[in-house]
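Q: The structure's right below; bear with me while I get my questions together.
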Amino acid sequence: MSSMALSSLYGGVFFLFCISLMGVVMMGLGVVCGQRGRYTKDKLVAFECGFDPLSSCRSPFSFRFFVLALLFLIFDVEIVLIVSFCYSLKITSIIMPSVGLFFFFFFFVILLLGLMHEANEGALCW
């Protein structure tokens, strides 16, 4: 091997060694400087929004809150789909102009019908 190839190889090995050493030093500093002493019994218990985790698990739960949370999740995912469709509308209109728009409006109509049904059922009235 030529001296140029060997110096390049040694340079690469030295670079990997330095990067690995920096990673080990940072992990060691994280372990040494970490706040292990600040964990108390209360902080190690899982936190559920507004519920006392040490009480009885058979406490009453609001069904309306559960339905509203599910509706939020469903409509949140659908909004993400609509926004991503709007970003890809330029590409879709070039390739298949009418088919893409038909499926978008079909999806949007189903979304609106679902929202109207939930409003009729009273699930949106808190």
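Q: Could you give every pair whose Cβ atoms fall below 6 Å, whose first residue belongs to the range 104-120 and is farther than 16 Å from Val80 by Cβ, and whose second residue is not in a helix (DSSP H, G or I), counting only separations of at least 6 or pairs across chains?
A: Filtered contacts from the range 104-120: Glu118/Leu124.
Q: In addition: Say we look at the range 34-64 and pick out the residues that are modelled with pLDDT of 70 or more and open to solvent by 100 Å² or more (accessible area, probe 1.4 Å); which of these is farthest from Cys125 (Cα to Cα)? Show your work before the answer.
A: Taking the range 34-64 and keeping what is modelled with pLDDT of 70 or more, we get 34, 40-41, 62-64.
Narrowing the set further to residues that are open to solvent by 100 Å² or more (accessible area, probe 1.4 Å) leaves 41, 63-64.
Working: Lys41: 39, Phe63: 13, Arg64: 9 Å.
This residue is Lys41.
The values are calculated or read from the model by the stated rules, or taken from the named source; none is laboratory data. The structure presented is a predicted model; accordingly, all values stated were derived computationally and were not measured. Cβ coordinates were reconstructed from backbone atoms using ideal geometry, including for glycine residues, and neighbour counts include every protein chain displayed. When the accessible area is computed, the model is the full protein with side chains, heavy atoms only, and any ligands, DNA or RNA have been set aside. Shrake-Rupley method; radii C 1.70, N 1.55, O 1.52, S 1.80 Å.
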